[in-house]
Amino acid sequence: MNNDGITYELTGMKEFLDALDALTDKELFAVVRSGVRKGLQNNIVKPVRAAIPYASLKKSVGIVSDKNKEELTMWGGVIMGKRPDANTPPAGAILRWLEYGTAVRTTKAGANRGAISAKSMIIPAINSGVPAVVDFLNKDFGTAIETFLSKKIKKMNK
């Protein structure tokens with residue numbers, strides 16, 4: 001019986017796996033963290049900042065990483081920071097009001113302060129960037145390891 005089929009050959013896989021074995025856990029963690037940060041910055045943070053129409057609110061979009069040294073936890077999006085003063089809400093809260101809108105607001109005395117209509121601009125920018133982050137990590141992870149190893153070799157040769 002003839003088993004004709006499609007055969008794929010991956011070239012360079014042995015070298016790639018050898019390069020991974022040459023890294024310590026700490027170095028591998030640093031390479032992965034750097035790659036994830038670069039992917040989030042280019043594909044989530046920059047497009048979301050570009051979608052925000054107010055320059056003062058752009059700084060509330062960024063990358064947050066967990067301080068845990070055992071696991072890599074990072075996310076990019078709106079950051080709820082501290083209040084600048086007692087009367088001013090954080091920029092992240094203002095972005096949330098712009099994204100989702102508010103109900104009609106009134107003061108304690110009954111004065112009408114109106115409503116904020118929802119202008120969905122952040123969630124679509126984040127959702128459209130997620131596949132780009134995955135593609136970035138799939139394509140550039142090997143390049144990041146090669147760059148890291150070349151830097152390591154230069155340090156060892158000094």
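For this structure, a couple of remarks:
- The condition of being closer than 29 Å to residue 18 by Cβ and either in contact with a Leu (Cβ under 9 Å, 6 or more places away or on another chain) or among the hydrophobic types (A, V, I, L, M, F, W, C) (or both) holds for only one of 134, 48, that being 134.
- Test for residue 14: is it among the basic types (Lys, Arg) and either over 30 Å from residue 148 (Cβ atoms) or surrounded by 12 or more Cβ atoms within 10 Å (Cβ to Cβ) (or both): no
- Restricting attention to segment 125-158, the residues being surrounded by 13 or more Cβ atoms within 10 Å (Cβ to Cβ) and without any contact (Cβ under 8 Å) to a residue 24 or more places away in the chain number 1.
- Residue count for segment 35-64 satisfying the condition of being assigned to a strand (DSSP E or B) and of a type in the set (A, V, I, L, M): 3.
Residue-wise test of (1) over 25 Å from residue 29 (Cα atoms); (2) of a type in the set (Lys, Arg).
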| site | (1), (2) |
| --- | --- |
| 55 | yes, no |
| 59 | yes, yes |
| 74 | no, no |
| 89 | yes, no |
| 108 | yes, yes |
| 112 | yes, no |
| 127 | yes, no |
| 131 | no, no |
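- A search for C-beta distances below 9 Å between a residue of segment 65-89 that is assigned to a strand (DSSP E or B) and any residue that is surrounded by 10 or more Cβ atoms within 10 Å (Cβ to Cβ) and basic (Lys, Arg), counting only pairs 6+ apart in sequence or on different chains, returns 65/33; 65/37; 74/33; 74/37; 76/37; 78/96.
- Test: residue in segment 6-18 that is at pLDDT below 90, in a helix (DSSP H, G or I) and within 30 Å of residue 120 (Cα to Cα): no
- Selection of segment 112-156 for residues being of a type in the set (Gly, Ala, Ser), modelled with pLDDT of 80 or more and more than 15 Å from the chain's Cα centre (by Cα) yields 114, 115, 117, 118, 120.
The values are calculated or read from the model by the stated rules, or taken from the named source; none is laboratory data. Remember, predicted model here, so these are calculated numbers, not experimental data. Quick reminder, even Gly has a Cβ in these numbers, built from the backbone with ideal geometry, and neighbours come from all protein chains shown.
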